[in-house]
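Note sheet for the following structure.
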Amino acid sequence: MRIGITHKIETQREIVIARNLTVGYKGKTVWKEANFSINRGEFVAVIGPNGAGKTTMFRMLLGLQKPLSGTLDVFGARPRRGSQRIGYVPQRHTIDNETNIECIELVRLAFSGNKWGFSLSRREEKKAAFDALEAVGARELANKSLSSLSGGELQRVYLAEALVSNPEMLLLDEPLSNLDIRRVKELVGLVNRTVRSRNVTAFLVAHDINPLIQFLDKVIYVANGKVATGKPEQVLTSKRLTALYETDVEVLRDSKGNIVIVGAEDQGIDDHHEDEMDVI
Amino acid sequence: MLFSVNVFSALQQIFQYQFMQHAFEAGTIISVVAGIIGYLVVLRRTSFAAHAYAEIGFAGAAGSALAGINPLFGLLSASTIAGFGIAVLGNRATQRDVEIGSVLAFALGLGLLFISLYKGYATEAYSILFGEILGISGSSVLITLAVSVLILIAAALVYRPILFASLDEDVAEAKGMRTLLLGVIFMVLLAASVSIAIQVTGVLLIFALMVTPAATAIRLTKKPMYAVAIAAIISLFATWTGLFIAFYQPYPVSFFITSIVFGLYLIVRFIYRK
């Protein structure tokens, strides 16, 4: 970045701006009056209990759902479905251990699968797909079957799938669930390197903030119908969360600096179908 | 010897009969279509829907037989309308087993009524349910060819987006692809393919061409295009061999086709391992 940035460029740095954003479905508010802004190149964790509306946040950013009230700007405009500037890794994939298709095909399809007819530029497509796999250190998985990959390998391939169209923003929905601690560390490191080297903005939905916290620029904490955003050390304090939720919320830290939030999850709004510890 | 060892002269002998010519022509066209669409059926896990279209098509075929029209028309229109109907309910509706099951049971009952009202009860029902490739008329071959050409052109246009939407629907949707429209197109293509394939295998044995060859192929290769080709080759091999054997044997062609296809599936499933 050069010195002497004009005001205009300065505002463009903020690529996501939410003003009094209230979201939900007909007759049911998921969370309301969120105000936050996210800058280019920031690594942001979206955390909170199950059913608090973390995936809804992604649906808003992707333009798949409209706000109930307030506004959301992404890249200086209202989000629009099908933006090529966003790479998305959903939580659920239809891919499983029966999907005997090589990884490179999936990544290629993410590059050109939206085009009709036969592909005329196979070489260009293949190169883009190989480059994306290379970028996530999964070049050697190119000709392996999706059905044969481990959870960690699969997440790397999904990341390549999202990166192949060269997005400016990554939305990663629970990529860390079902990974063991070592794989979690590897993947978080990979996402962090991707964010820094490509200057992309990454939103990562997670249950546990601890493996992420050292890399994060911001955290979006969604619970009990409200959203708190800011630097982790600012947001994740007993005082701030207690004020936001108007109930006693305690942020505890153990000797290694691991964080546990207690209290905010008790009044989750819906979807309490899983009895999960809300350790974040 | 039940048949001549010389395949060439045997084929010469077989092709002297017009019904065998028609059977080979229709069988060849249908096998190719079934291989191509079948791969997507297996990938999207919509084999139950494929079966439902066949049975809904049965009602249409029986109805048009009753009305004195070529049953193929009834078959095509009933199953295509059903394909459209199921697809517009939403992509995931195709997995709603209970709804599909209820509709297909009703369609089968309706077909039974039409068949019982129709004088040629036994043979007509039998040929729709179990296939009568040896009875395909010249005009049916032409209709099959025309429908297949349309299916293949449409498939060539939409194969890539449908493949992607089948593999990773949520990402496809986020990329702005019209997954619902793609689902509708796929279901209509599937319904039309099932309708023409019924002539070979019949309503009840539809999996023999629409599912089993593709399920075998998907185990043999990781590349979608190869899998499509292998599925078509398996269907072709089974249909041709089945016709060939059936020419010399008093047993039904469908039996041979289903047996060959199933045999290959078993071999690949249990013996071939990567």
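The values are calculated or read from the model by the stated rules, or taken from the named source; none is laboratory data. Keep in mind that what you see is a predicted model, and the values were worked out from it rather than measured. Note that we place each Cβ from the backbone using ideal geometry, even for glycine, and neighbour counts take in every protein chain shown.
Within segment A:73-90, the set of residues being surrounded by fewer than 20 Cβ atoms within 10 Å (Cβ to Cβ) and free of Cβ contacts under 8 Å to residues at least 60 places away in the same chain comprises A:Asp73, A:Ala77, A:Arg78, A:Arg80, A:Arg81, A:Gly82. Look at (1) closer than 30 Å to B:Lys222 by Cβ; (2) under 15 Å from the mean Cα position of the chain (by Cα) and you find that B:Phe58 fails only one, number (1). Entry remark, segment B:104-128: residues being among the aliphatic types (A, V, I, L, M) and either in contact with a helix residue (DSSP H, G or I) (Cβ under 7 Å, 6 or more places away or on another chain) or within 14 Å of chain A (Cβ to nearest Cβ) (or both) number 8 in total. Would you confirm, using the coordinates I've provided, whether B:Val158 is over 15 Å from the mean Cα position of the chain (by Cα), farther than 12 Å from B:Ala54 by Cβ and within 14 Å of another protein chain (Cβ to nearest Cβ)? Yes: the conditions hold for B:Val158. For A:Lys218, the conditions (1) of a type in the set (Lys, Arg); (2) over 23 Å from A:Ala52 (Cα atoms); (3) in contact with a strand residue (DSSP E or B) (Cβ under 8 Å, 6 or more places away or on another chain) are fulfilled apart from (2). Within segment A:45-57, if we keep just the residues that are surrounded by fewer than 23 Cβ atoms within 10 Å (Cβ to Cβ) and touching a residue at least 60 places away in the same chain (Cβ under 8 Å), the residue that is nearest to A:Leu171 (Cα to Cα) turns out to be A:Thr55.
Could you check how many residues of segment B:193-211 are more than 14 Å from chain A (Cβ to nearest Cβ) and either outside any helix (DSSP H, G or I) or more than 17 Å from the chain's Cα centre (by Cα) (or both)?
Residues meeting the conditions: 5.
The selection criterion, being over 30 Å from A:Arg13 (Cα atoms), away from chain B (no Cβ under 13 Å) and surrounded by fewer than 16 Cβ atoms within 10 Å (Cβ to Cβ), holds for A:Arg123. Output the residues belonging to segment A:127-150 that are part of a loop (DSSP other than H, G, I, E, B) and within 13 Å of chain B (Cβ to nearest Cβ). Passing the criteria: A:Ala142, A:Asn143, A:Lys144, A:Leu149. In a helix (DSSP H, G or I), surrounded by fewer than 24 Cβ atoms within 10 Å (Cβ to Cβ) and away from chain A (no Cβ under 14 Å), is that true of B:Leu142? Criteria met by B:Leu142.
In this structure, A:Lys127 qualifies as out of contact with any Pro (no Cβ under 8 Å at 6 or more places or on another chain) and modelled with pLDDT of 90 or more.
Looking across segment B:41-91, just one residue is surrounded by fewer than 23 Cβ atoms within 10 Å (Cβ to Cβ) and among the charged types (D, E, K, R), and that is B:Arg45.
On inspection, B:Ala214 qualifies as under 16 Å from the mean Cα position of the chain (by Cα), in a helix (DSSP H, G or I) and within 14 Å of another protein chain (Cβ to nearest Cβ). In the condition set (1) touching a residue at least 12 places away in the same chain (Cβ under 8 Å); (2) closer than 25 Å to A:Leu146 by Cβ, B:Leu266 is compliant with all but (1).
Of everything listed in (1) of a type in the set (A, V, I, L, M, F, W, C); (2) buried (at least 19 other Cβ atoms within 10 Å of the Cβ); (3) at the interface with another protein chain (Cβ under 7 Å from one of its Cβ atoms), the single unmet condition for A:Phe118 is (2). Under 30 Å from A:Glu168 (Cα atoms) and not in a loop (DSSP other than H, G, I, E, B), is that true of A:Thr242? In short, no. Scanning segment B:161-191 for residues that are without any contact (Cβ under 8 Å) to a residue 12 or more places away in the chain, surrounded by 20 or more Cβ atoms within 10 Å (Cβ to Cβ) and not in a helix (DSSP H, G or I) gives B:Asp168, B:Lys175. Look at segment A:87-111 and say how many of its residues are facing chain B (nearest Cβ under 7 Å) and outside any loop (DSSP other than H, G, I, E, B). Summing the residues that are facing chain B (nearest Cβ under 7 Å) and outside any loop (DSSP other than H, G, I, E, B) in segment A:87-111 gives 6. Taking the stated definitions as given, is A:Asn210 out of contact with any Asp or Glu (no Cβ under 6 Å at 6 or more places or on another chain) and crowded, with 20+ Cβ neighbours inside 10 Å? When the stated conditions are applied, A:Asn210 does not pass them.
Evaluating A:Leu176 against the criteria (1) in contact (Cβ under 8 Å) with a residue 24 or more places away in the chain; (2) assigned to a helix (DSSP H, G or I) leaves one unmet condition, (2).
Given the conditions (1) touching a residue at least 24 places away in the same chain (Cβ under 8 Å); (2) surrounded by fewer than 23 Cβ atoms within 10 Å (Cβ to Cβ); (3) within 14 Å of another protein chain (Cβ to nearest Cβ), and given that A:Leu62 satisfies all but one, which numbered condition is not satisfied? With (1) touching a residue at least 24 places away in the same chain (Cβ under 8 Å); (2) surrounded by fewer than 23 Cβ atoms within 10 Å (Cβ to Cβ); (3) within 14 Å of another protein chain (Cβ to nearest Cβ) applied to A:Leu62, the lone miss is (2).
Please go through segment B:213-256 and pick out each residue that is of a type in the set (Lys, Arg) and surrounded by fewer than 21 Cβ atoms within 10 Å (Cβ to Cβ).
B:Arg219, B:Lys223
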